[in-house]
Amino acid sequence: MSNVPTRASAIVALDELLRGKLTSAAQVRSGTTPVRIFGPWALALGAIHGSFIAWYAIANNSPGAWRHLFYLMIKLPALFLLTLFVTFPSLYVFNALMGCGLRFRATLRLLIATIVVNLALAASLGPILAFFTVSTTSYTFIVLLNVAILGLAGIVSIAFLLRTLMNLQQDSPSDSTPVSTESPARNAVGGMFFIWILTYALVGSQMGWLLRPFIGYPGQELTFLRPRSGSFVESVWNITAGQANASSNPRR
Amino acid sequence: MKSIQTLVLPAGDVLRQGIEGLRDPRQVPSLRWSLACIAIVSPIYGFAMGSFNLDLSRTLYPLFSACKLPIMIFATSLLCLPGYFALSTVLGLRNDLHAALRAIVSSQAAFTLTLASLATFTLFLYANGITHRAAILVNGFMFLVATAVAQAILRKHYAPLLARSRKHAFMLCYWLVAYVFVGVQMGWMLRPFIGTPGIPPTFFRAEPFSNAYIVVLRLIFPGS
């Protein structure tokens, strides 16, 4: 008898993950949170949200828009999973150094579960993005709407991760006393959470820069990847410095 | 006769609960009743709204608007629901989802009931020969009144949920922001509702779809 998950059991597993039923301290530690189901879910939900982002190029009749839809269905899940691939070793080491006690596989399970929650939320907000895409030609508006949707999904999934980490710490086998708001264990979880988010965000923003274009500026060629040039931080710096120069020399 | 009574009698309850306060959460009308109410009652105001400057050449306007008002309400809800469902689930509020949806849909039923009750005012003002611009303002005012009533009822129906968990405040806020954000654009895309005099009736405007927010922004900042 094979252990290949059926479609129904995969949907039930996703539902239970979103409801927080698969991320209790015991389940994350013991390994009952099924990565072999959530890996494919991360790919599928990323592909769904990627397809919603691609509607802008399709609605604007950009050349190669349908090809871009296919590219985005690969690139959006790749953005999240490649970022995890790059950051995971350091995230695991930080967790061990700060005494949070999560094992290698448990850390991986928890982070993949968080990515699935993030992508599920983003995909659920996709219909709103698609609706506005059909009626909007403004590139700036669509960029802002994408940022708002991914921002909201990101904030809620970060809250999900923090809640799970707190549950893990409260249920820690090495810590029999209840965790107070000022306890060192709680501070360790808070510190690790901060380092995790900072590391993931920094690498994620550069990964996004590397994998662009996502929305596709009207009139610009829609390629799978743009030629490698600079970095996300460098680009933000140049834009900020350019704005500062423009405001100090208004005649230029 | 009995089926008409089962539809009409709770209508009074929906509005009264907003005024007297909800003593028992079970008094919130059922989801099925609220949906039927929106589908049946909302075309009444749509019909009245499209009856501006009515003559033989404009007979299709009331029919188009009667179709478009329920489409606007249902399509906006459908677009906002997946996000509401997913966020409720992640925040651990899935057990309250049915109660929350009942509260939301009953407030929309109250919105349509209030609009329908104001239809006679709108028709009366149209009969007085008001201008197209005044007709837009009158309808805007009627929607404002109906929205205020719906808000009051939504807050009453949501009160037991808010008492149970503060997370419901976030979900209520999400629903209101998303519904208004999408609803404004949906209304813009489905126009004309009233119909400019001299322009033959069409279901959608002949021009391509545009973004309501960008149009407003360009009105405020002409150079942008």
Global geometry of chain B, whether rounded, prolate or oblate, following the gyration tensor of its Cα atoms and the 1.5 cut on a/c: oblate
Exposure proxy check on A:K21, A:K75: fewest-to-most Cβ neighbours within 10 Å is A:K21, A:K75
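Using only atoms on other chains, find how many Cβ atoms lie within 10 Å of each Cβ of peptide B:84-94 and report the average. Show your work: numbers first, answer last.
Values: counts 2, 2, 10, 7, 2, 11, 15, 7, 6, 1, 5.
So the per-residue partner count for this stretch is 6.
How many partner chain Cβ atoms sit within 10 Å of a residue's Cβ in peptide A:126-136, on average, as a whole number? Mind showing how you got there, number by number?
Working: counts 3, 7, 9, 1, 1, 9, 7, 0, 3, 10, 7.
The per-residue average across the peptide is 5.
Would you mind ranking B:C37, B:C173 so that the residue whose beta carbon has the fewest other beta carbons within 10 Å leads the list?
On the way: B:C37 24, B:C173 10.
If I rank by nearby Cβ atoms, fewest first, I get B:C173, B:C37.
Using the Cα gyration tensor of chain A, with a ≥ b ≥ c the square roots of its eigenvalues, what is the shape: rounded (a/c below 1.5), prolate (a/b larger than b/c) or oblate (neither)? Walk me through the numbers before you get to the answer.
On the way: a/c = 2.36, a/b = 1.46, b/c = 1.62.
Oblate, because a/c is 1.5 or more while a/b does not exceed b/c.
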About the Cα centre, charge dipole magnitude for the protein assembly as shown (Lys/Arg +1, Asp/Glu -1 at Cβ), debye: 220
For a test of the definition: using alpha carbon positions, the gyration tensor, and the 1.5 limit on a/c, classify the protein assembly as shown as rounded, prolate or oblate. oblate
So what are the ³J(HN,Hα) numbers for the stretch B:116-126, from phi and the Karplus equation (6.51, -1.76, 1.60; θ = phi - 60°), rounded to whole Hz, Gly and Pro as x? 4, 5, 8, 4, 5, 4, 4, 4, 4, 5, 4
What is the distance, in nm, between label points placed 7 Å from the Cα along the Cα-to-Cβ direction at B:V216 and at A:Q170? 4.2
Output for the stretch A:28-97 (equivalent-ellipsoid semi-axes, sqrt of 5λ from the C-alpha gyration tensor, Å, descending) is 33, 14, 7
Along the charge dipole of the protein assembly as shown, Cβ charges K/R +1 and D/E -1, which of A:V203, B:C173, A:I239 sits furthest on the positive end? A:V203
How much mean residue ellipticity at 222 nm does the protein assembly as shown get from its helices, if each DSSP H run of length 4 or more adds -39500 (n - 2.57) and you divide by all residues, to the nearest 500 deg cm²/dmol? -25500 deg cm²/dmol
Along the stretch B:127-143, what does the Karplus equation 6.51 cos²θ - 1.76 cosθ + 1.60 (θ = phi - 60°) give for ³J(HN,Hα), rounded to whole Hz, x for Gly and Pro? 5, 7, x, 5, 6, 4, 4, 5, 5, 5, 5, 4, 5, x, 5, 4, 5
When the charge dipole of chain A is computed with +1 on Lys and Arg Cβ and -1 on Asp and Glu Cβ about the Cα centre, the Cα farthest towards its positive end, among A:A59, A:A130, A:G101, belongs to A:A59
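Might you report the magnitude of the Cβ-based charge dipole of chain B about its Cα centre, with Lys and Arg at +1 and Asp and Glu at -1, to the nearest 20 debye?
Details: 18 positive and 6 negative charges, 96 e Å.
Around 460 debye, computed over chain B.
With +1 on the Cβ of every Lys and Arg and -1 on the Cβ of every Asp and Glu, and nothing else charged, how large is the dipole of chain A about its Cα centre, in debye rounded to the nearest 20? Don't jump to the answer; show the numbers that get you there.
On the way: 17 positive and 7 negative charges, 74 e Å.
Here chain A has a charge dipole of around 360 debye.
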By counting other Cβ atoms within 10 Å of each Cβ, how are B:S30, A:S205, A:S229 ranked from fewest to most? A:S229, B:S30, A:S205
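Defining a contact as two alpha carbons under 8 Å apart and six or more residues distant in sequence, what relative contact order in percent does chain A show?
Working: 242 pairs, mean separation 63.8, N = 252.
Relative contact order here is 25 percent.
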If you plug each phi of the stretch A:133-142 into the Karplus form 6.51 cos²θ - 1.76 cosθ + 1.60 with θ = phi - 60°, what whole-Hz ³J(HN,Hα) values come out, in order, with x for Gly and Pro? 4, 4, 10, 10, 9, 5, 5, 4, 4, 5
Signed unit charges on C-beta, dipole axis of the stretch A:53-178, positive-most listed residue A:L162, A:L82, A:I142: A:L82
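Read the figures in this text as sums done on the coordinates, not as results from a lab. It should be emphasised that the depicted structure is a prediction, and the values quoted were computed from it without experimental measurement. In this analysis, Cβ positions are derived from the backbone assuming ideal geometry, glycine residues included, and neighbour counts consider all displayed protein chains.
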